[in-house]
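A quick write-up on the structure given underneath.
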Amino acid sequence: MKITFSDSPPDKADAIVVTAFAGRHLGAAAKSIDEKSDATLTRAMRASRFSGAKEQFLDILMPAGIDASRVVVAGLGKRGSVKALTLQNLGGGLVAQLNRSGAARAAVLVDEADDDNLPTTARAANLAFGACLSAYRFDKYRTKEKPETKPTLSELTIVSKSSGKAKAAFARFQALADGVFLTRDLVSEPPNVIYPQTFAERAKSLSDLGVDVEILDEAKMRKLGMGALLGVGQGSARDSRLVVMRWNGSPKGADDPPLAFVGKGVTFDTGGISIKPSGGMEEMKWDMGGAGVVAGLIKSLAGRQAKVNAVGVVGLVENMPSGTAQRPSDVVKTMSGQTIEVINTDAEGRLVLADALWYCQATFSPRAMIDLATLTGAIIVALGSYRAGLFANDDGLAKKITAAGDAVGEQVWRLPLGERYDKDINSQIADMKNLGKNREAGSIAAAQFLQRFVNDVTWAHIDIAGVAWSKQDTATVPKGATGFGVRLLDRFVADNYEADA
Ligand code: BES
Ligand code: MN
Ligand code: ZN
């Protein structure tokens with residue numbers, strides 16, 4: 001789907017889209033169409049349940065006096081309450097609506113802002129962003145899809161005053177969407193296509209955008225002493241990898257300490273010798289979701305030339321049972337020097353992150369370090385699929401992440417860390433074990449474990465097990481890989497680390 005910006009409506013459109021506020025108050029463009037069409041819009045609203053509430057659409061077919069086969073009235077909600085997310089959701093919902101109705105070319109008429117909430121150009125750009133996010137599809141492996149089930153919408157024109165400025169504002173969103181789409185692609189790919197080496201190759205292609213990409217193979221990691229990460233990968237026929245992606249955009253130069261993002265990249269998690277039940281195991285192809293977010297975020301930052309230094313570190317392994325796989329009760333030594341008793345080989349994400357986190361802080365001395373991981377089923381029990389779990393050793397960092405999440409609609413909820421929980425991961429024979437106290441506080445036990453590998457760095461951990469994959473469509477996130485975390489962290493960077501740069 002192509003998105004274009006224009007000051008005036010195109011000559012030919014299958015659908016013209018206008019907006020109304022709650023209480024059936026037509027916007028300016030809607031009013032003018034209503035006048036040209038003998039009050040068709042007003043009458044259609046009266047004949048329906050359309051009230052102008054958010055996420056409502058009213059389709060009017062073949063309106064008299066209008067040169068389009070349909071007019072769609074889209075609800076904006078209460079006048080004066082229009083926010084960036086309102087427009088993004090409207091744009092996203094609209095794409096779904098137009099695809100259902102079979103339109104190929106549509107034009108949205110964006111009214112001039114009549115309040116101080118959001119300027120007209122930002123309205124147009126946010127609407128376009130939502131439309132773009134919603135149009136994502138992962139269909140490369142479908143060879144027999146019938147034309148009638150394919151999306152019909154090929155061009156969406158956003159019509160607004162100062163469309164040139166709207167287009168310029170959208171460029172930043174386009175870079176962000178490109179990052180989200182890289183994440184969604186990586187997470188959607190099957191595990192026979194994306195495994196440690198191929199993930200690393202895709203990450204390597206970020207060098208086209210000016211990202212410095214370094215790939216560490218097993219020999220290199222062995223030399224560094226990454227026994228925990230390597231232990232997880234040792235049962236797989238695929239070699240493990242650690243990938244470092246650096247974007248240096250700070251005006252202070254390459255020596256300005258970076259923000260660090262670390263991702264769990266288990267390209268398939270069978271559980272290993274502590275094997276998972278077969279029902280639903282296919283979902284474990286997205287156990288590299290954290291790594292996917294880190295790659296997508298670095299792509300977004302580079303794509304929009306963010307004025308910040310950022311480093312992304314992803315630990316890539318496949319967790320398989322085999323004759324070479326690690327056993328429950330194995331003891332491994334990490335790069336930090338600390339030893340771990342592996343009680344359950346299915347608690348592998350923390351083992352991978354232990355070495356990735358330690359390597360990251362030791363190598364880059366970051367000003368802050370944030371990891372993302374599909375780490376625990378327990379976080380899904382606690383928060384469901386609407387919020388990710390947040391852990392942090394710093395209140396300021398936790399607040400910044402929470403605020404960024406609220407602003408972009410990718411929300412987190414903070415859970416505690418503490419000494420008592422930490423004690424639960426002590427081992428009888430090693431420095432720690434990779435399991436807490438039975439099934440109690442599973443997500444916290446995992447976070448406590450990670451905390452032992454962050455040294456004294458300001459750090460946060462986001463458990464995205466419940467949000468990386470969605471079983472239902474929302475306005476801007478089609479079901480499947482969500483890309484949750486890319487928008488959040490892009491916003492976190494923009495709001496807190498670029499202004500002072
Ligand atoms: N990748 C899983 C966590 C997961 C579960 C992600 C469901 C997404 C959906 C992780 O490696 C895992 O297996 N965790 C175990 C930990 C347990 C053995 C302590 C879990 O959550 O059951
Ligand atoms: Mn596991
Ligand atoms: Zn896992």
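Brief remarks on what is shown
- The condition (being modelled with pLDDT of 95 or more, of a type outside the set (S, T, N, Q), at negative phi and within 14 Å of ligand 2 (Cβ to nearest atom)) is satisfied by just one residue among G233, G249, G279, G272: G233.
- Residue that is most open to solvent (accessible area, probe 1.4 Å) [pool: residues in segment 96-154 that are of a type in the set (S, T, Y) and part of a helix (DSSP H, G or I)]: T149
- Qualifying residues in segment 161-210 (those that are of a type in the set (V, I, T) and over 17 Å from the mean Cα position of the chain (by Cα)) - the one nearest to T482 (Cα to Cα): I194
- Top-ranked residue of segment 334-346 - restricted to ones that are within 14 Å of ligand 3 (Cβ to nearest atom) and open to solvent by 10 Å² or more (accessible area, probe 1.4 Å), ranked as farthest from G377 (Cα to Cα): N344
- Subset of segment 37-82 [in a strand (DSSP E or B) and surrounded by fewer than 14 Cβ atoms within 10 Å (Cβ to Cβ)]: L61
- Residue list for segment 337-382, filter: in contact with a Phe, Trp or Tyr (Cβ under 6 Å, 6 or more places away or on another chain), away from ligand 2 (no atom under 12 Å from the Cβ) and assigned to a helix (DSSP H, G or I): A354, L357, W358
- Residue match in segment 347-364 (condition: in contact with an Asp or Glu (Cβ under 9 Å, 6 or more places away or on another chain), modelled with pLDDT of 95 or more, open to solvent by 10 Å² or more (accessible area, probe 1.4 Å) and among the acidic types (D, E)): no
- Residue check: G289 meets all listed conditions (1) within 14 Å of ligand 3 (Cβ to nearest atom); (2) within 22 Å of the chain's Cα centre (by Cα); (3) open to solvent by 30 Å² or more (accessible area, probe 1.4 Å) but one, namely (3).
- Just one of the listed residues (V314, V331) is over 25 Å from A404 (Cβ atoms), of a type in the set (A, V, I, L, M) and either surrounded by fewer than 20 Cβ atoms within 10 Å (Cβ to Cβ) or more than 15 Å from ligand 2 (Cβ to nearest atom) (or both), namely V331.
- Checklist (1) buried (at least 16 other Cβ atoms within 10 Å of the Cβ); (2) more than 19 Å from T476 (Cα to Cα) applied to N89, failing item: (2)
- Those residues of segment 340-356 which are out of contact with any helix residue (DSSP H, G or I) (no Cβ under 6 Å at 6 or more places or on another chain), more than 8 Å from ligand 1 (Cβ to nearest atom) and among the charged types (D, E, K, R), in sequence order: E341
- Of residues in segment 258-310 being basic (K, R) and within 10 Å of ligand 1 (Cβ to nearest atom), the one nearest to V180 (Cα to Cα): K264
- Qualifying helices (runs of 4 or more DSSP H) (wholly inside segment 408-501; at least 2 residues being surrounded by 24 or more Cβ atoms within 10 Å (Cβ to Cβ)): 442-451, 486-493
- Top-ranked residue of segment 263-284 - restricted to ones that are buried (at least 22 other Cβ atoms within 10 Å of the Cβ) and within 11 Å of ligand 3 (Cβ to nearest atom), ranked as nearest to A354 (Cα to Cα): K264
The values are calculated or read from the model by the stated rules, or taken from the named source; none is laboratory data. None of the values given here were measured: they were computed from a predicted structure. Every residue, glycine as well, gets a Cβ built from its backbone with ideal geometry; the counts of neighbours run over all protein chains shown. For accessibility, only protein heavy atoms count, side chains too; no ligands or nucleic acids. Shrake-Rupley method; radii C 1.70, N 1.55, O 1.52, S 1.80 Å.
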